[in-house]
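Peer 1: Here it is, the structure, as C-alpha cells.
Any read-out appearing in this document is the output of simple, stated calculations on the displayed coordinates, not a laboratory observation. Owing to the predicted nature of the structure, the values given are computational and were not obtained by experimental measurement. Positions of Cβ are backbone-derived with ideal geometry, glycine not excepted, and every protein chain shown enters the neighbour counts.
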Ligand SMILES: [Fe+3]
Ligand SMILES: [Mg+2]
Ligand SMILES: [Zn+2]
Ligand SMILES: [Zn+2]
C-alpha cells in the first residue's frame, strides 16, 4: 500500500472501514465536524455529566476473549459506569501504522461496533490517522465518552466507611493471563478468555439494588491490589480481605503458579470492585449474582477503622499478608 | 601515692554494669578496702565515690574482679575533695533523669548457685520456677525502660517479701539488688507444676511453655506422632525443629561436640547450637530435622526447663544428676503459628495457640520484649550466628570509631534493625518476615523500644534500595533523612563494621537476591568497598530466574535456567518434567517471560540442587542448599570447571559436570569444592592487583559452613585474611548493621 498524502489508497480504505463501522452519522444527516447531543435528552436521565478519555495500546492486538477495539470501548464505558454514569456517546480516534493488515483492521472496527451495540452506546464521532512505519506500533486507539449520572448518586473513592463490605463481580486475572498467554514468547494457548466486557448493565443493576453504594472501581492496571490500596488511602480506612473468598479460576491460578505471578496484581477488564454499606450488602451481592457478568460475585472483605491506609489479607494458614501497591513491576524479594 | 593517705575518687564506670550485680560488687570491694562513699546507677552506667586509704587497689579491683555478666567498656576516675565526716558506704537510689547511655544486659541462663538452690530440698526456693540472682535470669526481655530497676521491669507488680527484701538489701548476698529476685512467697507463679507438664509431654501432648522471650511449643522428640502433629499444626513444611536436652552429656548422645561447640552450648546465652548428628544417635522422631545432617540443640535456660528435666530424672536431690546423660529430649520450637511473631502474652497465647497446643503453661511475669532463641554454629574456629536473639540482645557490636546516631531498618526477610550510638552498634533481635502485618508491627515496636532504652535520636534512617520492602516504606514514613544502601554493599559492610575494618577492602557478597545499583537482580557480587562507597568489580554469570521468587522455592526451575545457559534447553523436559511444568518454564526462560536474569550465588546453588535432584521443590527457601551441604563429607574439586572473563565468574562448566555424576553426594562434594576454588581463583588476581590483603565474605550463602570454611582456609593459604560474619548473621539478619555503618560513614 502506498504511503503519503491525503488521497492515498490506504487512507481511503481506512476511512471506509472505520466510518462504516462507527455509523457516526444519523440517517439523512450531513456529516459535521462534531457530534451534537440533545441536552434535553441528557437532562432527562440525570443531573451531572460524566466525561472520560483513555488511550489503548495492547500487544497483541487480538487475544482470547477480545481485541484492542473491544478494549477501547469497554475501558471508556466502564470508566463512566463506575462513576454511576449511564454511558451515552463515545468518540474514537485511531492511529494506524502504515502496513497494518487490512483484514485485521476490519475485524477490530467490527469489534468496536459490536461492543458499542452491546453496551448500548453510540460512537458518535471519530478520527483516523495513518502514520509511517515505526511511528507507532501497529494500532493505537483513543476513546472518550460522556455519560449521565443519575440524580442522588454520589460514588467516590474517599467514601468508604468502617464496616462497609467489599464486593467483586467476578474472578481475578482472566484478562492479564489471556494477554500474557497471547504474547508470542510464551507460545502457550490462553488458559482463559479475557474478561473484557462492558460493565454498565451490571453496575446499573447493582445501583438499583444498593443505592447507598459508596464507590465502585474497575480493577484494571495494578489489579485488585491497586484498587484496594487507593480506596484505603483515599477513604482513610483499613481494608481486610480473606484470601479464600477471592474468586480466581483454577486455570488462572495454574497459570500464575507457572509464571510466579500474583493474581491480585494482574490487570482485569471486566472486574468491578464495589463498596457498599453493610445493610445493603446482601441485596448488592444478589443483584451482582443475578447478572450474567456477576455469576461468581463475592464479598471478599470489609473496611475497618483499624490501620487506615493499609490492605491486609488473611491467609488460609492463619497468618496475615500485607497487600501493598508496588512501585513498579514485581521484583523478587526472597534473598 | 602512699598507702595510708586518705583520698576521695569519683569513678564513672561504663559498659554493661546494670543488673549484673555491679553495685554489690562495688559495695563489697568498699568493705574489703575500708572505703566510705556511695554508688548509684544512672543513665550512663555506674557512678561512685570512694574515700579511704586504699583507693588505688579498690579501683584496680573494680574491673579485675567484676561479676560474671558485667562488661566494662570504660572506667573514668577523677580526684575530688575528701569529706571528713562521711560514715559507711551507701548504695543510693538510681537517678532516672539525665542522658541514658548504659547497656541493658541480655538474658542469662540459670547460674550454678541458683541451680544448687533449685534442687536442694532444704532451700526455700526448692523447685521454685522463677529463682534468679544478679548473676543470672531475665534481663532485656523484662526491661521496660532504664535505668534497670525493679519498678521499671516486669517485676514491678511483685513486692518483695521480708525474706527477699532482706537478701536484696544485704550487700553480702548474691541477691543484693537483684531486680528480678523472687521466691515462692512473693514472686510469679507457674500455671502447672513440673510433674503435670512432664506427664503431658510423655502422653504425646503438645505443650506451650512460656519462656523468656516468648512461648515455645514443646513435645517429646522421641514421639513420632506428636512431632508429626506439631509439624502439621504449625504449618512448618520441612524446617527443622530444635532439640532441648538436659545437659552437654545428653547432647553428646545425639551429636558430635567439639570444645568450642560445648562452650557455646553451655554458655550463659544458651543459644540453639547447630551440631553434626551422630550416626549412632538414639531414636528421634523422623520429623525433628528431616534429612539433615545437623541438629539444632539447646540446653535448659530457665528454671522451668530445668524442672521438667529434673522431674524426668526422678526428682533427685542435689545437682549431681545434671552431670549425667538424661534420656529425655524435647522438641522446642518457637510458638509463632503461620509465620507470625512469637506469642508473648498469656491471653494472646490462649487465643493464637488454641488448636495447636494441648496445654498452655504460662505464668504471671509479663514478657516485655519478644526475643526468639539465638541460633549459632561453630565455623572455621569461632562461633557464627544463624539468628541473633535471646541471650545476645542488646549486646552492642563495637565499631572502629564513633559515628553519628543512625537507625537502619534492614531488609524484608529475617529482618533486624540496628541503632548506632557512639562507637557501638546495637543490632536488634531477629524480627521476621515483613510480609506479615504482625511482624511489621513488631519491627515498629522494636524501633521504638530500642531507641527508647538506648536514648538515641537518630539523625538519619538507612534502608535497602528495594522500593517494595516494607522496611523501606517504614523508613520513608519516619520523617527523617533517608539513606538507601545497596543490599550487597550492606552485606559486606556489616562484616567490615563488626571487624572494625577502616581501610579499603574487597568484599564477596554470596547471596540470594538484592536489587542492584543498576536496577538488576544481584546476588553474587565482587565489591570494592572504600569508606561508605562501593564499586562493583564483578559478578557471577547470570541465570534466568523463571517465576521470580517462585524459583527460589523450586530449584528445578534454576536447573532449567542452567540447561538453557548450557545450550541444552531441549533437555529440560526430559530431565525435569517430573518436578513441574517443565515445558512452560522452558518457554518462560527462552521467551524472557517473568524470568529476570540474576547474578545470584544462591540461585546457582539452587540450579545445582535441581540438577542433582536434591529437593527440586522445596518447602521453604534455602531448604535445598541446606540439604546439599548436608550431603558433603569432603569437598572435591573439578579442575577448570569455571571461566573468568571481564570480572564475570561463570560456573556453567561445573553444572555441566554435575549432569554426569554418579549420585547426589558426589555432586554435592564437587559443587562445594569447585565453587570454593572458583571464587578464590576469581578474587585472588583482583586482590593482588590492587594490593589488598583483606576480603570480607558475606551474604546468605555464607550460612553454608562448607563454603565458609573452604573460603576462609583457601584465602588464608594465599595470604589473604578472609573476614567472616561473626557477631551478625551472614544472611539478611545482618543487613541492618551494614546499612547503619554505611549510612553513618556518609554523614
Ligand atoms: Fe541478602
Ligand atoms: Mg481511564
Ligand atoms: Zn543465679
Ligand atoms: Zn520472696
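Peer 1: What does the convex hull of the Cα atoms come to per residue for the range A:133-258, in Å³? Each step should come with its number before you reach the end.
Peer 2: Values: hull volume 20.2 nm³, N = 126.
It is 160 Å³ per residue.
Peer 1: Provide, for q = 0.17, 0.21 Å⁻¹, the log10 of I(q)/I(0) from a solvent-free Debye sum over equal Cα point scatterers in the range A:9-149.
Peer 2: These q points yield log10 I(q)/I(0) values of -0.91, -1.29.
Peer 1: Given the convex hull over the Cα atoms of the range B:7-91, what projected area results after averaging over all orientations, in nm²?
Peer 2: Working: hull surface 19.3 nm².
Quarter of the Cα hull surface area: 4.8 nm².
Peer 1: Within 10 Å, count the other beta carbons around each residue, average over each peptide in B:549-559, B:4-14, B:468-478, and list them highest first.
Peer 2: Numbers: B:549-559: 27.6, B:4-14: 16.1, B:468-478: 19.7.
Highest to lowest by the protection proxy: B:549-559, B:468-478, B:4-14.
Peer 1: Let me ask something else. Which whole-number percent of Cα pairs in the range A:78-179 have a distance greater than 19 Å? Mind showing how you got there, number by number?
Peer 2: Details: 3160 of 5151 pairs.
It works out to 61 percent of all Cα pairs.
Peer 1: If each residue's Cβ is checked for other Cβ atoms within 10 Å, how do B:417, A:203, B:367 rank with the fewest at the top? Spell out each step's value before the answer.
Peer 2: Values: B:417 28, A:203 31, B:367 23.
Ascending Cβ contact count within 10 Å gives the list B:367, B:417, A:203.
Peer 1: I would also like to ask the following. Taking other Cβ within 10 Å of each residue's Cβ, how do B:140, B:301 sort, fewest first?
Peer 2: Numbers: B:140 27, B:301 24.
Ordered from fewest to most neighbouring Cβ atoms within 10 Å, B:140, B:301 come out as B:301, B:140.
Peer 1: Here's another thing I want to ask about it. Just the projected area, averaged over all directions, of the convex hull on the alpha carbon atoms of the range B:243-325: how many nm²?
Peer 2: Details: hull surface 22.6 nm².
If I average the Cα hull's projected area over directions, I get 5.6 nm².
Peer 1: If I take every Cα pair under 8 Å that is 6 or more residues apart in the range B:7-91, average their sequence separation and divide by the length, what percent do I get for the relative contact order? Please list the in-between numbers first.
Peer 2: On the way: 170 pairs, mean separation 41.9, N = 85.
In percent, rounded to a whole number, it is 49.
Peer 1: Between the range B:19-84 and the range B:338-397, what's the alpha-carbon centroid distance in Å?
Peer 2: If you average the Cα positions of each part, the centres end up 35 Å apart.
Peer 1: Something else: Would you calculate, for chain A, the mean residue ellipticity at 222 nm contributed by helices, counting each DSSP H stretch of 4 or more residues as -39,500 (n - 2.57) and dividing by all residues, to the nearest 500?
Peer 2: Details: 9 runs with 103 residues, N = 335.
Helix-only estimate at 222 nm: -9500 deg cm²/dmol.
Peer 1: So, one more: Please state, rounded to one decimal and in Å, the Kirkwood hydrodynamic radius that the range B:326-445 gives when every pair of distinct Cα atoms enters the mean of 1/r.
Peer 2: Details: mean 1/r = 0.0609 Å⁻¹.
When all Cα pairs of the range B:326-445 are included, the Kirkwood radius is 16.4 Å.
Peer 1: Ok, one more. Exposure proxy check: A:100, B:332, B:244, B:566 ranked by fewest other beta carbons within 10 Å? Don't skip to the answer; put the middle values down first.
Peer 2: Working: A:100 19, B:332 24, B:244 28, B:566 14.
So the ranking, lowest neighbour count to highest, is B:566, A:100, B:332, B:244.
Peer 1: Grab the DSSP H runs of chain B that are 4 residues or longer, score each as -39,500 (n - 2.57), total them, divide by all residues and round the 222 nm result to the nearest 500 deg cm²/dmol.
Peer 2: Details: 23 runs with 236 residues, N = 747.
Theoretical 222 nm ellipticity from helices: -9500 deg cm²/dmol.
Peer 1: If I histogram all Cα-Cα distances within chain B using bins 20 Å wide from 0, what percent of pairs lands in each bin?
Peer 2: 17, 47, 30, 6, 0
Peer 1: Now for a different question. Taking the mean number of other Cβ atoms within 10 Å as a proxy for protection, how do you rank B:304-315, A:300-311 from highest to lowest? It would help to have the intermediate numbers written out before the result.
Peer 2: Numbers: B:304-315: 20.3, A:300-311: 18.6.
Top of the packing list down: B:304-315, A:300-311.
Peer 1: Also, quick follow-up: Just to be sure I understand the curve: with the Debye formula and one point per C-alpha of the protein assembly as shown, what is log10 I(q)/I(0) at q = 0.04, 0.07 Å⁻¹?
Peer 2: One equal scatterer on each Cα of the protein assembly as shown leads to -0.26, -0.75.
Peer 1: Counting alpha carbon pairs within less than 8 Å and at least 6 residues apart, what relative contact order, in whole percent, applies to chain B?
Peer 2: Working: 1798 pairs, mean separation 84.0, N = 747.
Taking the mean separation of contacting Cα pairs over the length of chain B, I get 11 percent.
Peer 1: OK, next. What does the C-alpha gyration tensor say about the overall shape of chain A? Classify as rounded when a/c is under 1.5, otherwise prolate if a/b is larger than b/c, or oblate. Walk me through the numbers on the way to the answer.
Peer 2: Numbers: a/c = 2.36, a/b = 1.38, b/c = 1.71.
The shape class here is oblate.
Peer 1: With no solvent and one point per C-alpha, what does the Debye sum give as log10 I(q)/I(0) for the range B:85-235 at q = 0.12, 0.16, 0.17, 0.19 Å⁻¹?
Peer 2: Here the Debye-derived log intensity ratios amount to -0.65, -0.99, -1.07, -1.22.
Peer 1: I would also like to ask the following. Which whole number gives the average count of other chain Cβ atoms within 10 Å of the Cβ atoms across peptide B:437-444?
Peer 2: On the way: counts 12, 3, 3, 4, 1, 0, 0, 0.
Per-residue shielding by partner chains comes out at 3.
Peer 1: Continuing with this model, one more query. So, in Å, what gap is there between the alpha-carbon centers of the range B:585-615 and the range A:242-298?
Peer 2: 33
Peer 1: Let me ask something else. Just checking the output field for B:75-83: average partner chain Cβ neighbours within 10 Å of each residue's Cβ? Mind showing how you got there, number by number?
Peer 2: Numbers: counts 0, 0, 0, 0, 0, 0, 0, 0, 0.
Taking the mean over all residues of the peptide, I get 0.
Peer 1: For the range A:165-322, what does the alpha-carbon gyration tensor say about shape, rounded, prolate or oblate, given a ≥ b ≥ c as the root eigenvalues, a/c under 1.5 as rounded, and a/b over b/c as prolate?
Peer 2: Working: a/c = 2.00, a/b = 1.31, b/c = 1.53.
Because a/c hits 1.5 or more and a/b fails to exceed b/c, the range A:165-322 counts as oblate.
Peer 1: In peptide A:250-260, what is the residue-averaged number of other protein chain Cβ atoms found within 10 Å of each Cβ?
Peer 2: Details: counts 0, 0, 0, 0, 2, 2, 2, 6, 13, 11, 15.
Counting other chains' Cβ atoms within 10 Å and averaging over A:250-260 gives 5.
Peer 1: Rounded, prolate or oblate, given the Cα gyration tensor of the range B:595-673, with a/c below 1.5 counting as rounded? Write down the numbers at each step before the final one.
Peer 2: Numbers: a/c = 1.89, a/b = 1.13, b/c = 1.67.
It is oblate, given that a/c is not under 1.5 and a/b is not larger than b/c.
Peer 1: Based on the mean of other beta carbon atoms within 10 Å per residue, what is the order of B:388-395, A:139-146, B:739-746, most packed first?
Peer 2: Details: B:388-395: 25.2, A:139-146: 22.0, B:739-746: 27.2.
Ranked from most to least packed, the peptides come out as B:739-746, B:388-395, A:139-146.
Peer 1: As I understand it, the value is the acute angle between the Cα axis of helix B:705-717 and the longest principal axis of the Cα atoms of chain B; what does it come to in degrees, rounded to 10?
Peer 2: 90
Peer 1: Here's a follow-up. Per the Kirkwood formula on distinct C-alpha pairs, the Rh of the range B:194-376 is how many angstrom? Show your work: numbers first, answer last.
Peer 2: Details: mean 1/r = 0.0611 Å⁻¹.
For the range B:194-376, the Kirkwood estimate is 16.4 Å.
Peer 1: Taking the 0 to 90 degree range and rounding to the nearest ten, how far is the long axis of helix B:224-233 tilted relative to the main principal axis of chain B, both from C-alpha atoms?
Peer 2: The angle comes out at about 80 degrees.
Peer 1: Shifting gears a bit: Please state the relative contact order of the range A:9-149 as a whole percent: Cα pairs under 8 Å, 6+ residues apart?
Peer 2: Values: 239 pairs, mean separation 58.2, N = 141.
Relative contact order of the range A:9-149: 41 percent.
Peer 1: Quick check: the angle from helix B:303-312's long axis to the longest principal axis of chain B, C-alpha only, nearest 10 degrees?
Peer 2: Tilt of helix B:303-312: around 80 degrees.
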